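What follows is a set of notes on a single structure, which appears directly below.
The values are calculated or read from the model by the stated rules, or taken from the named source; none is laboratory data. Note that the coordinates shown come from a computational prediction; the quantities given were computed from them, not determined experimentally. Every residue, glycine among them, receives a Cβ derived from its backbone with ideal geometry; neighbour counts consider all protein chains shown. The area values use the complete protein model at the heavy-atom level, side chains included, leaving out ligands, DNA and RNA. Shrake-Rupley method; radii C 1.70, N 1.55, O 1.52, S 1.80 Å.
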Amino acid sequence: MSTTAHALHHPGETVETDVLVIGAGLAGLHVATLLARQGHDVLLAERRTGLAGAIRTTGIFVRKTLDDFPLPDEHLGPPIRRVVLYPPGLRRPVSLVSDRDEFRVGDMAPLYESAAAVAVDAGVRLALGTRYAGRRGGTFRLVGRDGPAAVRARFVVGADGARSSVARDLGLDRNRRLLVGAEEIFEVPANGEPPTFHCVLDPSFAPGYLAWVVNDGRHAHVGVAGYADRFPRGLRRTMERFSASAPGLTGVDRPGSVERRGGPIPVGGVLRRIACAEGLLVGDAAGAVSPLTAGGLDPCLRLSELAASVLDDALRSGRPDALTHYSGAALRAHFRGRLTLRRGLAQIRTPAATTAAFALLRTPFGRAAAGRVLFGDRSFPDPSPTGQRTVSRSSSGAGTRPGWRASTRTRP
């Protein structure tokens, strides 16, 4: 990638752009690419010096995402159809098997690099090693390798994570309900078992959420998440305890070195006020994560498409009020059921209560309900308002992989 922070400006110069995007996760990369392909000047600032490091997401893509967004197949693990739910103590788990491929785990480093290459090819000015330093008057401040820079943008997009600084500076809503999670990733040998998603519901490991092992026959993802104030021994020690007894890894020798990830996860639903006349939020910054499952990759891509659409209209019409079409209030209505279930799950505080809940889960009704949550066709709702022109996926890239292209990096 040829465009980096040192190419942004000369000393004392103010950088001009149509749209300044802060954060090069999937949400930021996707909205930047869509806008650039519509002919707009886009500057994308990312504090990391490379996109292969400091990854926070597990990278689980659900079937609807795989159906609607042709991601590079070479960077996706084997399809997963089987989910096993475990009570505290791991006895008498409930196994659910779909007749369709439901999940695939992405190799996120090359996925990010592939998406960034597409963004640069589309015309996005990608500034790596450049952090957002706030707003001052009519400009936004960036600090890169060659020092500070002032950016004057018609609009700014906050794709800067669950604790968004852009949301603060624009006076937009900010995430208040957060989980914290930690995960270890390492290679595993094929063992002849079907790829499986193991979920452990035990508040002593994952207060208010779950612990997990995803073993797709290539890599294992072992993680815990929950409410930060309910980890009595801290997240790190809890992760160590769970890792030592995690299911789904029988006969697997854990390597001495593993990749570690972690970070906050918003679970309060899409925030109500996610746009103003000066900009908007996408991805985790907008709370675009399922309140119940904490899945965020599908919402981040779908909401980014609406963001690109309203920004394109605003830029072409010269009317900032076009951003009023970008509202989280209407989207929240689609999550009432999951928000209610999230509040219920948050109240389960003891292993005994969880064990009792498994009695219902083992019934035909309970298994059917779990199947609807895990394997249902519902995804993040189509956020396109009536009459709103959308930026089509066919315009976000060429050929059969809109917005993406194969990376030259191979799986280690």
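So the values come out like this:
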read-out	value
Highest to lowest packing among 303-309, 82-88, 159-165, scored as the average C-beta count within 10 Å	303-309, 159-165, 82-88
Cα gyration tensor category, rounded, prolate or oblate, for the range 321-375 with a/c compared to 1.5	oblate
Antiparallel bridges, percent of DSSP beta bridges restricted to the chain (to nearest 5)	65
Amide H contacts under 5 Å for L210, placed H, 5+ residues apart	A225
Burial ranking of peptide ranges 148-156, 357-365 (average Cβ count within 10 Å, highest at the top)	148-156, 357-365
Largest-first principal axis extents, alpha carbons of the chain, Å	64, 43, 43
Built amide H within the under 5 Å cut-off of V21, gap 5+	L43, L44, A45, V157
Average Cα contact separation per residue, the chain, under 8 Å, 6 or more apart, as relative contact order %	21
Helical mean residue ellipticity (222 nm; -39500 (n - 2.57) per DSSP H run of 4+; nearest 500) of the chain	-8000 deg cm²/dmol
Nearest-ten-degree value, helix 297-317 long axis tilted from longest Cα axis of the chain	20
Mean accessible surface per residue for the range 1-131, computed with a 1.4 Å probe while every protein chain stays in place, in Å²	37
Relative packing of 55-64, 72-81, which averages over residues the other C-beta atoms within 10 Å, highest first	55-64, 72-81
Whole-percent carbon and sulfur share, accessible surface of the chain, 1.4 Å	50
Between 0 and 90°, nearest 10: helix 351-361 axis offset from the chain longest Cα axis	90
Interchain or long-range residues, amide H under 5 Å from R48's placed H	G129, T130
Cα-based Rg / Dmax (Å) for the range 25-90	16.9, 57
Debye log10 I(q)/I(0) for the range 142-253, one point scatterer per Cα, at q = 0.21, 0.23 Å⁻¹	-1.04, -1.17
C-alpha long axis of helix 108-122 to longest principal axis of the chain, angle in °	20
